[in-house]
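Note sheet for the following structure.
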């Protein structure tokens, strides 16, 4: 974004589908702390409202469909097994909006985490296929939910890799990522390159287990 003025994200209402899970709650907490109105979405409106009440006055809780309808930018932070069904059901509400997919299709066995195959190539590409009327961007795959949720963590040493085919949308999500102190949003290619980004999460899980850490990524020389 060196040659163009960065887009403004002031006042954007952020909806988080699956916002009652750890990743969703963590992102909701950070964006609310940065001053954004946040809507947590869930299959259960009651559960969404309960979790929202724990996070603070900038956060509301709604059913997923209402969160998708009311938000300006929507983050999909749902488990992979429910990813396609949920997004397909919300296509009308998500039409015309930026949808940020941070879903990591992972499996776990006694040898640890491993990436699951996705017919479309990645969860983000699956989202784009299901939401032809939306601007689908991939981001926030490697952000530790533990650190996001810890109010004692003031700043995070992390780059968020942002992928997409719509330049204006990727730039906006880069700026949005930087609303979390210590975080940079780094453009990392088109959506077709998202498969290895999602799969890399399995390596980070292995690193974290071995070193009892909450490892993220930093890109050098930029």
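Given 0.36 nm per residue, what is the gain on full extension from residue 88 to residue 178 after removing their alpha carbon distance, in nm? The partial results should precede the final answer.
Details: separation 90, 0.36 × 90 = 32.40 nm, distance 2.94 nm.
The residue 88-residue 178 span can extend by a further 29.5 nm.
Can you give me the distance in nm between label points at residue 8 and residue 114, each placed 7 Å from the Cα along the Cα-to-Cβ direction?
The two pseudo-label positions are separated by 5.1 nm.
What does the extension gain come out to for residue 210 and residue 81, with contour length at 0.36 nm per residue minus their alpha carbon separation? Kindly include the intermediate steps, with their values, before the conclusion.
Values: separation 129, 0.36 × 129 = 46.44 nm, distance 2.68 nm.
Between residue 210 and residue 81, full extension yields an extra 43.8 nm.
Using r as the Cβ-Cβ distance of residue 152 and residue 192, and R0 as 30 Å, what FRET efficiency do you calculate, to the nearest 0.05?
Values: r = 39 Å, r/R0 = 1.30.
Between residue 152 and residue 192 the formula returns 0.15.
Take every DSSP beta bridge whose two residues both sit in the chain, then give the antiparallel share in percent to the nearest 5. Each step should come with its number before you reach the end.
On the way: 6 of 32 bridges.
Rounded to the nearest five, the antiparallel share is 20 percent.
Of all alpha-carbon pairs in the chain, indicate the percentage at a distance above 24 angstrom.
Values: 9319 of 24531 pairs.
The proportion of pairs with Cα distances above 24 Å equals 38 percent.
Roughly speaking, what is the stretch gain from residue 54 to residue 167, that is 0.36 nm per residue apart minus the C-alpha to C-alpha distance, in nm to one decimal? Working shown, then result.
Details: separation 113, 0.36 × 113 = 40.68 nm, distance 3.55 nm.
Here the segment from residue 54 to residue 167 would lengthen by 37.1 nm.
A short reminder: the numbers here are calculations on the coordinates, not readings from a lab. Everything numeric in this text was worked out from a predicted model, so none of it was measured. Cβ sites come from the backbone with ideal geometry, for glycine too, and all protein chains shown count toward neighbours.
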